[in-house]
Amino acid sequence: MINDSNYREIVRKLVTETSRVSKGVNLQNIASKGEGERIRKCFVPSPGHLFIGADLSQAEPRVQAHIMWTKYNDNSLRQIFIDGQDLYTTMAMLAFDLPKEYCLDGSWYDPVSKTGGTVDTKDQAPPTAFFPRKMMKQGILALGYQQTERRFAETMNVSLEIANMVFEKFDKSFPSFKQMVQDTVQFMRENGYVETIFGRKRRFPEYKKLAREVKNNEPRLIELYRRRKREKNNPKIQAEIDELRKKKAQLAAMEREAFNAVIQGSATSDIIKINGNRIARICMERGWKMVASIHDEIIIEVPIRDVTMETISLFQDVMCNSVADIMTVPLKSDVVIMPRWMEEYKPEDWDFENCRPKKER
């Protein structure tokens with residue numbers, strides 16, 4: 001068991017360990033698009049078996065909503081999930097005060113002409129238009145990583161005015177989100193670690209040392225900036241500036257990682273591991289096989305005779321309810337049947353009596 005008193009010793013042992021053990025196949029590195037999709041489709045179940053896969057839908061925003069509710073008594077994000085609404089569409093409607101038709105996937109809105117529509121690509125929309133749903137989906141990531149309005153505008157290829165509007169509306173609609181990010185980073189600065197909602201720690205043992213170094217380097221960096229103005233094209237000055245800025249970038253990266261460790265660590269690490277442990281025990285009891293855990297997805301292999309709605313419901317219960325005693329936000333999972341990896345059929349599209357897709361009947 002790793003704890004606060006022994007973790008340095010354990011890390012030191014792991015770093016100096018020279019033995020080699022098989023780690024299996026890292027399926028997470030196989031892309032789900034392009035050539036990666038073709039490779040994934042080469043994975044087939046054993047004869048007389050099928051794959052059943054389940055993933056968590058929007059797990060990270062659900063963790064954020066849980067923290068906002070339990071720590072800040074802010075129900076703004078949580079209520080969207082309780083009502084079973086599409087997250088980003090609802091967020092866009094709240095943030096921009098727009099009708100639903102302007103906030104669907106692929107819909108745009110032009111604040112200049114006050115009109116909107118739906119297109120396949122941004123090029124088909126007016127140059128002053130933006131995509132509210134896509135903007136909110138990217139916005140929740142940008143704010144979580146403490147991105148500036150200017151950087152967000154560049155990333156989304158929109159005007160700074162629109163970027164400012166996104167941030168302002170987001171802050172107003174979800175008032176504790178920014179505070180949650182700031183408090184998480186500040187906790188790491190003071191304590192050198194952060195915790196997931198399940199109590200697992202991610203440590204940043206080098207942060208305080210690096211922070212002191214960056215602070216001490218600040219006068220030198222200001223001096224170098226001034227010298228660069230006077231001595232243009234001096235490669236030595238620029239090289240030293242780049243080196244000092246690299247340390248500032250490392251510090252900023254640690255702060256982004258701190259928030260990510262709480263949110264992603266809770267969602268696609270802790271919850272998926274808890275779900276995986278439970279489904280693995282069920283597989284052992286029933287003679288099934290747990291094939292893989294990939295990001296927020298778990299895949300099992302079951303005999304054709306066991307591909308039933310009861311199995312689908314059991315898998316869905318594992319994914320959605322294994323942490324229901326901790327999470328104050330409902331989890332959602334989509335379960336699919338796969339004759340091969342990436343060839344997916346929803347339960348309503350599957351003929352369970354004949355064990356084949358309904359379209360083949």
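If R0 is 51 Å, what FRET efficiency do you get for R227 and H295 from their C-beta distance, rounded to 0.05?
In this case the efficiency is close to 0.60.
Trypsin sites (Lys or Arg not before Pro) within the stretch 47-100: which are DSSP loop residues with at most 10 other Cβ atoms inside 10 Å? Write out the running numbers ahead of the final one.
Numbers: sites: R62, K71, R78, K100; in loops: none.
Here no loop site has a sparse enough neighbourhood.
For the chain, take the longest principal axis of its alpha carbons; what is the angle in degrees between that and the long axis of helix 177-191, to the nearest 10 within 0 to 90?
Once rounded, one gets 70 degrees.
Starting from the Cα of K169, draw a straight line to each of the lysines and keep only those under 23 Å, dropping any in the same chain fewer than 8 residues away.
Partners within reach: K71, K100, K114, K122, K134, K137, K178.
Find, to one decimal place in angstroms, the Kirkwood hydrodynamic radius of the stretch 186-323, where the mean of 1/r is taken over every pair of different Cα atoms and then inverted.
Values: mean 1/r = 0.0526 Å⁻¹.
One decimal place: 19.0 Å for the Kirkwood radius.
Please identify the trypsin sites (Lys or Arg not before Pro) of the stretch 231-274 that satisfy two criteria: DSSP loop assignment and at most 11 other Cβ atoms within 10 Å. Which are they?
Details: sites: K232, K236, R245, K246, K247, K248, R256, K273; in loops: K232.
Answer in residue order: K232.
For the Cα atoms of the chain, what angle does the longest principal axis make with the long axis of helix 272-286, in degrees from 0 to 90, nearest 10?
Between helix and principal axis, roughly 20 degrees.
Can you give the FRET efficiency for E161 and K246, using 1/(1 + (r/R0)^6), R0 = 51 Å, r = Cβ-Cβ distance, to the nearest 0.05?
Values: r = 33 Å, r/R0 = 0.64.
The calculated FRET efficiency here is 0.95.
Using the heavy atoms of the protein chains and a 1.4 angstrom probe, tell me the accessible area per residue for the chain in square angstrom.
Values: 21060 Å² over 361 residues.
Value returned for the chain: 58 Å² of accessible area per residue.
Return the calculated 222 nm mean residue ellipticity for the chain, to the nearest 500 deg cm²/dmol, obtained by summing -39500 (n - 2.57) across DSSP H runs with n ≥ 4 and dividing by the residue count. Display every interim value, and only then the final one.
Working: 13 runs with 177 residues, N = 361.
Using -39500 (n - 2.57) per qualifying helix, the result is -15500 deg cm²/dmol.
Between the helical axis of 235-264 and the dominant principal axis of the chain, each derived from Cα atoms, what acute angle in degrees is found, rounded to the nearest 10?
Once rounded, the angle reads 40 degrees.
Please list, in order, the residues from the stretch 188-223 whose amide nitrogen is less than 19 Å from a point placed 7 Å along the Cα→Cβ vector of N234.
In the stretch 188-223, the label zone of N234 (backbone N under 19 Å from the point 7 Å along Cα→Cβ) covers 217-223.
Give me the net charge of L244's neighbourhood, meaning all other residues with Cβ under 10 Å from the Cβ of L244; Lys, Arg count +1, Asp, Glu -1.
Values: positive: R220, R245, K246, K247, K248; negative: E213, E218, E240, D242, E243.
Taking every other residue near L244 into account, the sum is 0.
State log₁₀ I(q)/I(0) for the chain at q = 0.08, 0.10, 0.13 Å⁻¹ as given by the Debye formula over alpha-carbon point scatterers of equal weight, solvent excluded.
After summing over all Cα pairs, the log10 values are -0.56, -0.85, -1.26.
At a 1.4 Å probe radius, carbon and sulfur cover how many percent of the accessible area of the chain? Show your work: numbers first, answer last.
Values: 10210 of 21060 Å².
Solvent-exposed carbon and sulfur of the chain make up 48 percent of the total.
Based only on Cα atoms, what mean projected area does the convex hull of the stretch 129-257 have, in nm²? Write down the numbers at each step before the final one.
Numbers: hull surface 42.1 nm².
Mean projected area for the stretch 129-257: 10.5 nm², to one decimal.
Find out how many positive minus negative residues lie around A31, taking Lys and Arg as positive, Asp and Glu as negative, among other residues whose Cβ is under 13 Å from that of A31. Intermediate values should be presented prior to the final figure.
Working: positive: K33, R38, R40, K41; negative: E35, E37.
That works out to +2.
The values are calculated or read from the model by the stated rules, or taken from the named source; none is laboratory data. Please read all numbers here as calculations on a predicted model, not as lab measurements. Cβ: placed from backbone, ideal geometry, glycine included. Neighbour counts: every protein chain shown. Just so you know, the surface numbers come from the protein's heavy atoms only, side chains and all, with ligands and any DNA or RNA stripped out. Shrake-Rupley method; radii C 1.70, N 1.55, O 1.52, S 1.80 Å.
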